[in-house]
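The values are calculated or read from the model by the stated rules, or taken from the named source; none is laboratory data. Note that the structure is predicted; figures quoted are calculated from it, not measured. Cβ placement follows ideal geometry from the backbone for every residue including glycine, while neighbour counts extend to all protein chains displayed. For the accessible areas, the whole protein counts, side chains as well, though only heavy atoms, and no ligand, DNA or RNA atoms are used. Shrake-Rupley method; radii C 1.70, N 1.55, O 1.52, S 1.80 Å.
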Amino acid sequence: MSLPPTKRSITNVTASSSSSSSPHFQPPMKKAKSQAVACSLDPNRNGLHHHHNNQDDNNVLFDPSSMPLHDDSKSADARTPAAANLSRKKATPPQPAKKLVIKLVKAKPTLPTNFEVETWATLKSAITAIFLKRPDSCDLEKLYQAVNDLCLHKMGGSLYQRIEKECEEHISTALRSLVGQSPDLVVFLSLVEKCWQDLCDQMLMIRSIALYLDRTYVKQTPNVRSLWDMGLQLFRKHLSMAPEVEHKTVTGLLRMIEGERLGEAVDRTLLNHLLKMFTALGIYSESFEKPFLECTSEFYAAEGMKYMQQSDVPDYLKHVEMRLHEEHERCVLYLDALTRKPLIATAEKQLLERHIPAILDKGFVMLMDGRRLEDLQRMYSLFSRVNALESLRQAISSYIRRTGQVIVMDEEKDKDMVPSLLEFKASLDSIWEESFSKNEAFGNTIKDSFEHLINLRQNRPAELIAKFLDEKLRAGNKGTSEEELEGTLDKALVLFRFIQGKDVFEAFYKKDLAKRLLLGKSASIDAEKSMITKLKTECGSQFTNKLEGMFKDIELSKEINESFKQSSQARTKLPSGIEMSVHVLTTGYWPTYPPMGVRLPHELNVYQDIFKEFYLSKYSGRRLMWQNSLGHCVLKADFPKGKKELAVSLFQTVVLMLFNDAQKLSFQDIKDSTGIEDKELRRTLQSLACGKVRVLQKLPKGRDVEDNDSFIFNDGFTAPLYRIKVNAIQMKETVEENTSTTERVFQDRQYQVDAAIVRIMKTRKVLSHTLLITELFQQVSIFLSFSF
């Protein structure tokens with residue numbers, strides 16, 4: 001269909017003139033580029049004047065009768081020289097004046113009276129064909145041009161309303177057709193999806209035809225929707241007017257999702273398309289999301305109760321983790337992205353948050369005892385999602401205190417306390433690193449709980465840790481490399497950090513260290529010094545001052561012995577056949593040993609006197625006091641079955657040397673000859689006559705030494721080794737001895753408190769009691785209780 005041209009045609013200009021001689025025709029004047037030109041020759045003016053008119057739609061008429069051909073007498077004077085010459089050549093007599101008149105003819109084009117009706121009829125036919133999915137005879141280019149023409153002639157508003165009305169009729173019909181459709185929800189959802197997909201395709205086709213309408217009228221007119229939005233609004237309007245269709249669609253979607261949760265296979269593409277329809281219509285949140293979250297809450301509330309009763313905690317946590325992953329996957333595949341957060345929160349609340357106490361009561365101890373690192377890590381991860389880490393932290397604290405109390409308070413298993421605590425601590429550290437992501441709050445909880453349990457028995461753990469280190473540092477630990485020993489020391493140092501009575505540890509550690517150094521039983525001097533360095537790093541130099549002094553005494557004693565052997569006293573006065581090494585100890589560094597008297601053989605007495613003379617001559621003003629209980633010797637023994645060397649204590653040496661002059665001696669005889677304390681003598685005789693290496697024989701036989709027993713030299717003694725170690729019977733530390741050591745520690749504490757008070761008052765002069773106690777605690781805690 002074509003329209004009249006929008007530009008108006010130009011009428012040709014013709015000129016006619018008459019002269020006195022003969023008529024002739026001027027060629028028609030042409031219009032130059034849509035400009036009308038009017039030419040007039042004015043007798044009152046010289047020259048030809050042009051008037052331009054830029055109006056394209058005006059017709060120009062040229063009238064030659066208006067042009068003057070003859071001028072009056074005045075005109076001769078006014079003519080130009082060229083005109084005068086022309087007149088002379090032609091010799092034309094004057095003619096009456098004629099004017100050239102240009103007339104404008106306005107011929108405005110008009111539209112056909114039925115233009116809008118016929119154009120809409122064409123468009124309506126095409127729109128109906130689109131909705132009914134029928135072919136249309138008019139091609140898309142003509143349809144687009146038709147919309148373009150209507151918009152150019154200010155008919156866009158009417159066209160928009162006509163299109164809206166036509167679309168509404170078809171959309172309403174399509175949605176009404178869904179009412180009462182298949183009772184099968186899946187089939188019904190497929191019909192709804194097809195209806196929605198058809199609408200989308202149809203509206204896209206209509207928008208492509210009326211694209212010029214969208215770009216002009218819709219943009220220029222406020223509060224007017226685009227054709228696509230108009231289609232969505234109409235679909236939403238008529239869907240709300242068909243509540244059965246909307247309700248049935250939502251119900252079908254919820255049933256499909258529930259079926260998928262129960263393990264059924266569903267058409268996820270169908271779900272995706274329909275939920276995108278709800279989103280596009282703007283009714284997703286109100287019509288679908290709200291009931292969906294309510295159904296989700298009910299579903300997981302029932303499932304959580306069921307699984308908690310039927311499953312153990314590890315399986316339940318795996319199930320929760322799987323469910324949360326499935327819900328996240330649904331959000332990716334077909335749910336709206338904004339649904340993810342409330343959906344996951346709903347699942348977490350029903351599956352986790354409601355069951356936190358039950359999960360901890362039912363399975364936490366089992367997971368900790370079994371070191372189920374993966375399950376504990378899963379528990380930590382899930383609990384962190386519902387802000388339940390505080391409950392988990394409290395459960396850890398309770399578990400550590402309860403389990404540790406069993407280890408610490410069992411007096412029958414004191415021997416295994418430190419190894420058990422080390423193993424327990426290593427297990428907790430492993431769980432903290434691998435399962436709890438090295439959470440700082442959890443780490444502090446483990447430390448606090450461990451410090452609490454290890455100090456449940458005051459001072460006893462400190463004593464046992466010292467003895468544990470003595471056992472590891474003592475010679476005889478075969479199969480232990482230096483690296484393993486160093487690792488053990490580091491682990492024991494971890495326990496040392498938790499004990500509060502560190503001065504108790506120092507007292508027992510110093511006592512055991514003294515025995516190792518004096519008896520030569522230390523496994524490694526390097527390891528001993530390494531341990532001292534570790535303690536110094538932990539507690540400061542004042543804590544290890546005495547321990548370091550002990551090592552200095554041992555090294556100084558070696559130098560003294562070398563000097564003694566090279567002295568004149570040693571070369572001239574020492575008896576032959578005897579070698580003696582003396583350790584000179586500073587009283588303040590070493591433990592306090594009770595003096596134990598003994599009558600030494602003449603050879604040993606002579607040796608002691610000569611060394612005393614040498615030492616006092618070198619270090620005047622000092623006093624030597626012999627500690628016989630710490631001495632040890634190597635005796636050469638001549639048995640009928642071979643010669644042997646016996647490594648024995650000084651007391652064992654004194655007893656054995658009595659049998660150089662006698663074959664048989666009674667208990668009382670030995671006691672009178674040696675002067676050894678009764679209890680110590682009995683232990684000494686028991687080690688010689690009742691132990692593994694029986695150098696003496698006891699009459700009558702038995703394990704204990706009685707007052708009426710007699711002892712004879714064992715002529716039949718034999719052993720495969722040349723040098724034999726005769727171990728002394730170790731007297732178990734009694735309650736009184738432990739109490740004595742503890743009392744000495746308390747006495748030292750009192751001295752430290754007194755000294756601290758003096759220091760504070762000398763500095764402050766005047767101080768209230770409250771401030772004095774506060775500052776005293778700060779100073780004394782450095783020495784008594786190092787809290788980490």
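Here are a few things to note about the model shown:
- The numbered conditions (1) open to solvent by 50 Å² or more (accessible area, probe 1.4 Å); (2) closer than 24 Å to GLU433 by Cβ; (3) in contact (Cβ under 8 Å) with a residue 40 or more places away in the chain; (4) over 22 Å from the mean Cα position of the chain (by Cα) are all true for ARG371 except (4).
- Candidate set: the range 499-529, residues that are open to solvent by 30 Å² or more (accessible area, probe 1.4 Å) and farther than 28 Å from ARG457 by Cα; chosen: the one farthest from the chain's Cα centre (by Cα): LEU519
- Members of the range 613-641 that are surrounded by 15 or more Cβ atoms within 10 Å (Cβ to Cβ) and either within 14 Å of VAL584 (Cβ to Cβ) or among the hydroxyl-bearing types (Ser, Thr, Tyr) (or both): PHE614, TYR615, TRP626, GLN627, SER629, LEU630, GLY631
- The residue of the range 593-618 that is modelled with the lowest pLDDT, among those that are outside any helix (DSSP H, G or I) and of a type in the set (A, V, I, L, M, F, W, C), is MET596.
- Scanning the range 298-311 for residues that are exposed (fewer than 13 other Cβ atoms within 10 Å of the Cβ) and farther than 9 Å from GLN350 by Cα returns LYS306, GLN309, GLN310.
- So GLU164, is it touching a Leu at 6+ places or on another chain (Cβ under 8 Å), open to solvent by 30 Å² or more (accessible area, probe 1.4 Å) and under 14 Å from ILE206 (Cβ atoms): yes
Conditions tested, residue by residue: (1) open to solvent by 30 Å² or more (accessible area, probe 1.4 Å); (2) within 27 Å of ASP201 (Cβ to Cβ); (3) not in a helix (DSSP H, G or I).
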position	(1), (2), (3)
VAL250	no, yes, no
HIS319	no, no, no
GLU327	no, no, no
LEU335	no, yes, yes
PRO357	yes, no, no
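- Cross-chain or 6+ apart pairs with Cβ under 7 Å, the range 700-723 first and in the same structural domain as LYS644 (by the TED database), then of a type in the set (S, T, N, Q) and part of a loop (DSSP other than H, G, I, E, B): ILE712/GLN663; PHE713/GLN663
- Some residue of the range 271-284 being surrounded by fewer than 17 Cβ atoms within 10 Å (Cβ to Cβ), small (Gly, Ala, Ser) and free of Cβ contacts under 8 Å to residues at least 12 places away in the same chain: no
- Top-ranked residue of the range 541-556 - restricted to ones that are polar (S, T, N, Q) and open to solvent by less than 80 Å² (accessible area, probe 1.4 Å), ranked as nearest to ASP512 (Cα to Cα): THR544
- LYS644 being assigned to a strand (DSSP E or B), open to solvent by less than 30 Å² (accessible area, probe 1.4 Å) and either at pLDDT below 85 or assigned by the TED database to the domain that holds PHE717 (or both): yes
- Of the residues making up the range 220-237, those that are of a type outside the set (A, V, I, L, M) and open to solvent by less than 20 Å² (accessible area, probe 1.4 Å) are GLY231, PHE235.
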